Structure formats: structure tokens, C-alpha cells
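Down below is the structure, laid out as C-alpha cells.
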Amino acid sequence: MSADFAVRPSAIQGLGLFALRNFNRGERLLAYAGSVSTVRPAQTSASSPIYALEIRPGLWLDGSGQANISRHANHSCAPNAELVFVDESAGAWLIAQENIPADAEITFDYGFNLAESLFQPCRCGQPDCIGYIIAAPRRASLRRHLRFSRPRD
Ligand SMILES: [Zn+2]
């Protein structure tokens, strides 16, 4: 593993990915190594960690391999990194979305759709956490959904 990162217990969930030095906004952090597929990789159970990400519509990245240190990066509603899929040969990278200080946990937006998000509670702890792992552009529709699905008395 790179000396710039550590994997250790996270307040968000399970293990997290932590920076061991300062990173500047825009800096490449780590490759998100995995196999790319047009078939969505199966998740072993609802409670198992999430390593399968839709990097563009209909294209999935399975990052569950042991060599992929980036798989430990948790989702956050206010992430400090983003996952950028460069191309098939360069693969996907975690890029700093802001200046990241040493010891900060590295988080990114898993980009889930509404259906996926309803089974994936978010514990990121950010003040504006919506409570589910869902892509930022879809949070408004989730808020509407939660409001209308609340039981009426
Ligand atoms: Zn959250």
C-alpha cells in the first residue's frame, strides 16, 4: 500500500480510508482498481460492504479485489473526494475534491440511484446527511419520496 494512506476503523462504517499527508484539491489520490463490466456485480448480502459502482450508465466497476485499497473509502453526503473514471486502460481514480488534511477520512459519493439507496442507510454524520447512500443530484427526489411515503395519521 502507498505510504500516503492507511486503512483503519471509521466512525462512518467498518474500515475507512485515511490520508496520511495533506492533499491538494484536484490531486489524484488512489486508483480504484477493479474489473469493468456491463453486468452489475452481485452484492453478497444487504449488509456486506459495497464495492460495485456504476461509473457511467450501464457500466459497472467491481472493486472488491483485495488489492484495491480504495474499496475501503466510505460514502459521504459531503465527500472530500470524487471517483473519476478516466478510461478502460487508465481505470478509475479517487481525486481530491477539496484540500484534504493529513488524518482525514477520504470519502466520495457512491452515486446510487433512488431504488438502490432505500436499502443503504448512510451514517456519514454530516449535518446535511439525508440518511441514505444516494447520488447528490438525486437527493431532492429522495426527500420528496420520504415525505410522501411517511405513514399518515
Ligand atoms: Zn450521509
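Residue-wise test of (1) surrounded by fewer than 18 Cβ atoms within 10 Å (Cβ to Cβ); (2) modelled with pLDDT under 95; (3) assigned to a loop (DSSP other than H, G, I, E, B).
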position: Ile50; (1), (2), (3): yes, yes, yes
position: Glu54; (1), (2), (3): yes, yes, no
position: Gly65; (1), (2), (3): yes, yes, yes
position: Val84; (1), (2), (3): yes, yes, no
position: Leu94; (1), (2), (3): no, no, no
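Would you mind stating whether Ser70 is in a helix (DSSP H, G or I) and either over 17 Å from the mean Cα position of the chain (by Cα) or over 23 Å from Ile130 (Cα atoms) (or both)? Spelling it out, Ser70 is indeed in a helix (DSSP H, G or I) and either over 17 Å from the mean Cα position of the chain (by Cα) or over 23 Å from Ile130 (Cα atoms) (or both). The residue that is nearest to the chain's Cα centre (by Cα), counting only those in the range 96-120 that are in a strand (DSSP E or B) and of a type outside the set (A, V, I, L, M, F, W, C), is Thr107. The requirement of being away from the ligand (no atom under 16 Å from the Cβ), surrounded by 20 or more Cβ atoms within 10 Å (Cβ to Cβ) and farther than 23 Å from Arg25 by Cβ is satisfied by Leu61. Considering (1) surrounded by fewer than 19 Cβ atoms within 10 Å (Cβ to Cβ); (2) more than 24 Å from Leu59 (Cβ to Cβ); (3) over 13 Å from the mean Cα position of the chain (by Cα), the lone condition that Arg123 does not fulfil carries the number (3).
Residues in the range 87-137 that are under 18 Å from Gly16 (Cα atoms), more than 11 Å from the ligand (Cβ to nearest atom) and either hydrophobic (A, V, I, L, M, F, W, C) or free of Cβ contacts under 8 Å to residues at least 12 places away in the same chain (or both): Trp93, Leu94, Ile95, Ala96, Ile100, Ala102, Ala104, Ile106, Phe108. Within the range 67-82, track down each residue that is more than 16 Å from the ligand (Cβ to nearest atom) and either surrounded by 15 or more Cβ atoms within 10 Å (Cβ to Cβ) or among the hydroxyl-bearing types (Ser, Thr, Tyr) (or both). Those that are more than 16 Å from the ligand (Cβ to nearest atom) and either surrounded by 15 or more Cβ atoms within 10 Å (Cβ to Cβ) or among the hydroxyl-bearing types (Ser, Thr, Tyr) (or both): Asn68, Ile69, Ser70, Arg71, His72. Residue check: Gly125 meets all listed conditions (1) touching a strand residue (DSSP E or B) at 6+ places or on another chain (Cβ under 7 Å); (2) in a loop (DSSP other than H, G, I, E, B) but one, namely (1). Looking across the range 55-86, just one residue is within 20 Å of Pro41 (Cβ to Cβ), in contact (Cβ under 8 Å) with a residue 60 or more places away in the chain and of a type in the set (S, T, N, Q), and that is Asn74.
The values are calculated or read from the model by the stated rules, or taken from the named source; none is laboratory data. Since the model is a prediction, treat every value here as computed from it, not as a measurement. With ideal geometry, Cβ positions are generated from the backbone for all residues, glycine too; neighbour counts draw on all protein chains shown.
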